[in-house]
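A short reminder: the numbers here are calculations on the coordinates, not readings from a lab. Please read these numbers as outputs of a predicted model, since none were measured by experiment. So basically every Cβ, Gly included, is an ideal-geometry build from the backbone, and we count neighbours across all protein chains shown.
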Amino acid sequence: MPHASNIVYCDGPDCPHAFDMVGLQPRNGALDALCPRCHGHGGWNAQIDLVTFRCRRAICDRCNGAGWVETGDDPVAVPDIEMGPGGNPRWVLRYVSKEEAEAIDPGPLSG
Ligand SMILES: [Zn+2]
């Protein structure tokens, strides 16, 4: 039996439901300003069911999900995956210039 659902689709962070159930990202101390695109959320709903609140999230392409951006010339930490010593991939932080960080396409992420 199908569950009730009321799915809305968001084109981007300007959608009225874009930040439903999306928490703010804590400032990590190295970054300077709230991201002007995602307003500190690090991403937004690409799709959300207003009944069950199941959602698909889009990662902000301005701040790479950090919610904060570098306004000076400091290196920016971006999440990346590398192979660990046990042969398993693991998350690491990679430090790149602000220009490099803005050029990274984090790609779609579904939740
Ligand atoms: Zn952002």
Fill in: FRET efficiency, 1/(1 + (r/R0)^6) with R0 30 Å, evaluated for Asp105 and Ser5 via beta carbons
0.50
Worksheet item: What spacing in nm lies between the two simple spin-label points modelled at Cys15 and His39, each 7 Å away from Cα in the Cβ direction?
Response: 1.5 nm
Discussion item. Give me the net charge for the shell around Gln25: Cβ to Cβ below 13 angstrom, other residues only, Lys and Arg +1, Asp and Glu -1.
Written reply: +4
Discussion item. Which of Cys55, Cys38, Cys63 ends up with the largest GNM mean-square fluctuation for the chain, with Cα atoms connected below 10 Å?
Written reply: Cys55
Discussion item. Taking amide H atoms as placed 1.01 Å from N in the peptide plane, list the residues 5 or more away in sequence, or in a different chain, whose amide H sits under 5 Å from that of Ser97.
Written reply: Val76
Worksheet item: Which value, in debye to the nearest 20, describes the size of the charge dipole of the chain about its Cα centre when Lys and Arg Cβ atoms bear +1, Asp and Glu Cβ atoms bear -1, and nothing else is charged?
Response: 480 debye
Fill in: Over the stretch 7-103 - Rg/Rh using Cα atoms and the Kirkwood inverse-distance radius
1.04
Worksheet item: What is the stretch 45-84 by shape, rounded, prolate or oblate, if you read a ≥ b ≥ c off the alpha carbon gyration tensor as root eigenvalues and call it rounded for a/c under 1.5, prolate for a/b larger than b/c, and oblate otherwise?
Response: oblate
Discussion item. Under 5 Å between amide hydrogens, which residues at least 5 positions from Ile7 or on another chain qualify, with H placed 1.01 Å from N in the peptide plane?
Written reply: Leu50
Worksheet item: So between Asn88 and Arg54, what do we pick up on full extension, going 0.36 nm a residue minus the alpha carbon distance?
Response: 9.3 nm
